[in-house]
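Input: a single structure, listed below in structure tokens.
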Amino acid sequence: MKKVLFYLIAIAILIPAGIIIYKFFIEPEQHYRSIYHVPGNAIMIIEVENPVLAWKEIVHSDAWEKLRHNDYLLKLDSTITRIDSVINSKKILFRMAGSRKIILSVHETTPARYDNLYIIDLKKASKFKNSSDYLSKILNDNYSVTERVYKNRKIYEVYAKKINEIFYFTVVHDQLIFSTVPVLIESSVDQINKLTLGRDLEFIDVYKRTSGKGLFSLYINHKYFSKYLNRQLGKSNPFVNIIKQTFDYSGFTFTIDDAGNIALSGFTNINDSARSVLVPVILSGETKHDIARIVPRETASMVSIGFKNIEGMIKEIRDKQYENFPESYNKTLSRLEKKFRISFTKNFLSWIDNEIALVQTQPSNLGSNDEFAVVFKAKNNKDAKQNLDLITRQIKRNMPAKFREVNYRGYEINYLSVPGFLKIIFGRMLEKLEKPYYTIIDNYVVFSNHPQTLKNFIDSYISKNALGSSIDYYNYIKTFSGKSSIMLYLQTPVLFSNLQSHLSNSVWNKLKSNKDYITSFPNIGFQLKNEDNLIKIDLSTEYKHEIPEFKPANYNIDAFEFSEGTQKQLLTDTSGNDPSVGFSESSIIIHDLDANKHEEFFADGSLKLSVGLRRGEKHGRFYEYYPNGETKIKGRFRNNTKTGTWKYFDEQGELVREEEF
């Protein structure tokens, strides 16, 4: 993308040359829309009606004062300033060409290589005096020009001697087409007869609603965009692939205010053959999003789903996911209901109101999956509790599963050890919740893989420190319409640390170097709703110059007893040894009472400790490691008690001392 900077300068030079060649060497033809000349394999397209004016709007915003110091944007700012000064000093023919629409499209030309195609609308340029003088000034001894013919069109090749690069351009239907890759020029010429985008009704439907609005328009071709985005992330992302399966094209208009707040507004269409769960979710209706009133303020992300009828939405989700084998799924569901003598529809879906939220709380030492929670808005919390209690009793009677209950600050936390319980009902949408804990707060039922996550919800609600009670959140979120199908909220200072597990190491390192610029937009919102057979999308970012440093939580949790049996769900080591040689009074937090091993990891993914388990208690070999990989402690537990010889090592792997138990 760095070459884009130089190409902008080249465009400023080649536009006048193209105008002269167009008027003097090429017969004028019928005027076509510039967008029709973009090849159909474009990954994304940027359309700017007035490039210089748009850039001035951006650089005059408050956000630019900080962002301009970013290495990439600093070079871009310098380049644009140089072009602007040349224009104002009337040194090139830009002043005669006037304001020209420019289209930039991105294409994969060879595997993992992406190049740009530029299309400049010349309109009806008049003839200029002394054209030969202008050409000699623009194309001096530093350039050599050759030409060739492709399908009756002249393609001009300008060789820039100083940088040893060739630029290719041609003029078709009043459009100057420019690139550094000849195959893109040829593909654009091919569009004269193909009109790939010009004949695509799905693209036209999105294009006509967004073209010419805002500072510029952005179009995404999801057929190719997902592959591009996964490469930029450094690894495949399941959500990106779902987007590809769901949508054809998206079109947005871009605006920015004086304070630097950015807004994208536009439309996307749904792929007719899409089997994605997003389709029934988006089309299930709209509602006001209230769950933020019990979500912890230090939330990284929240996806709130609104609907009119939960049973209808779930049926549509199942039909999409199990389209190839619906009978098999229905038989499995029926068999489970018969075995446990419950009804998933009556005893679970019946009490859900009109909203579900998927919440990723603040990063911590629990692990990314444990920080995940699902919140259901209940029609009546008493009805929800009665039905969940019934499910618990019935499953307990019919299988040797463990159910535990604790009371935390007046709220019951329950543990349901039935693998895939929520996945049976909701499919892949809730596959992260394998054996969930749950609690009821006000009129909301919260499920999570870890009880500490539920304790965070309870603490935030009791202390009135929920996200929904934040003035900053309230002032930001009210900029969106009151009701929608999906509302995505990101709190970037909190989210930033969570991103590491979703990115390759190289991408993560680049991201870290730009952390200050990314977190300058602390609130990002993304809203979807059904409108005129298209999906209306609104995205808004809020800019703040100074953002307090966010520090991830590091929980050190006291043990508490479950009501059944004597097993401790949170097991704290209190041996009181010198932390320089071993323990540091840290907790071992066991979040799956049926697992046979518990492991914890450092932020870089390396193993921090490992301990064997039996019935939720420490039982078996125990190892703890330093960040450099050397063993810190090793020993054995038996029935949650240390036994045998325990050895303690320094960071060089040398034995420091031993203890007998």
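Residues in the range 399-414: is at least one in a helix (DSSP H, G or I) and at pLDDT below 80?
no
Can you find a residue that is outside the structural domain of VAL303 (by TED's automatic domain parsing), modelled with pLDDT of 90 or more, in contact with a helix residue (DSSP H, G or I) (Cβ under 9 Å, 6 or more places away or on another chain) and over 24 Å from GLY260 (Cβ atoms) anywhere in the range 511-529?
yes
Could you list, in sequence order, the residues of the range 216-236 that are assigned to a strand (DSSP E or B) and not aromatic (Phe, Trp, Tyr)?
Correct list: SER217, LEU218, ILE220, ASN221.
Say whether the condition of being more than 28 Å from ILE547 (Cβ to Cβ), touching a residue at least 60 places away in the same chain (Cβ under 8 Å) and more than 18 Å from the chain's Cα centre (by Cα) is met by at least one residue in the range 458-480.
no
Can we say ALA112 is surrounded by fewer than 19 Cβ atoms within 10 Å (Cβ to Cβ), modelled with pLDDT of 85 or more and either of a type in the set (Gly, Ala, Ser) or touching a Lys or Arg at 6+ places or on another chain (Cβ under 6 Å) (or both)?
yes
Those residues that are part of a loop (DSSP other than H, G, I, E, B) and in contact with a Phe, Trp or Tyr (Cβ under 8 Å, 6 or more places away or on another chain), I need them from the range 237-273; list them, please.
Within the range 237-273, ALA259, GLY260, ASN261, ASN271 qualify.
Would you say SER276 is in a loop (DSSP other than H, G, I, E, B), polar (S, T, N, Q) and either under 18 Å from the mean Cα position of the chain (by Cα) or closer than 28 Å to TRP508 by Cβ (or both)?
Here the answer is yes, as SER276 does meet what is asked.
Output the number of residues of the range 488-507 satisfying the condition of being in contact (Cβ under 8 Å) with a residue 60 or more places away in the chain and either in a helix (DSSP H, G or I) or more than 21 Å from ASP472 (Cα to Cα) (or both).
12
Which residues, counting only those in the range 443-490, are of a type in the set (A, V, I, L, M) and within 12 Å of VAL375 (Cβ to Cβ)?
If the condition is that a residue be of a type in the set (A, V, I, L, M) and within 12 Å of VAL375 (Cβ to Cβ), then VAL445, VAL446, LEU454, ALA466, LEU467 are the ones that fit.
Having 2 or more residues that are of a type outside the set (Gly, Ala, Ser) and modelled with pLDDT of 75 or more is the bar; report the strands (runs of 3 or more DSSP E) wholly within the range 536-645 that clear it. Steps first, answer last, please.
Values: elements: 570-572, 587-589, 597-601, 607-614, 617-625, 631-638.
It comes to 597-601, 607-614, 617-625, 631-638.
The values are calculated or read from the model by the stated rules, or taken from the named source; none is laboratory data. Predicted model only: the values in this text are computed from it and were never measured. When we count neighbours, we look across all protein chains shown, and the Cβ atoms used for this are built from the backbone with ideal geometry, even at glycine.
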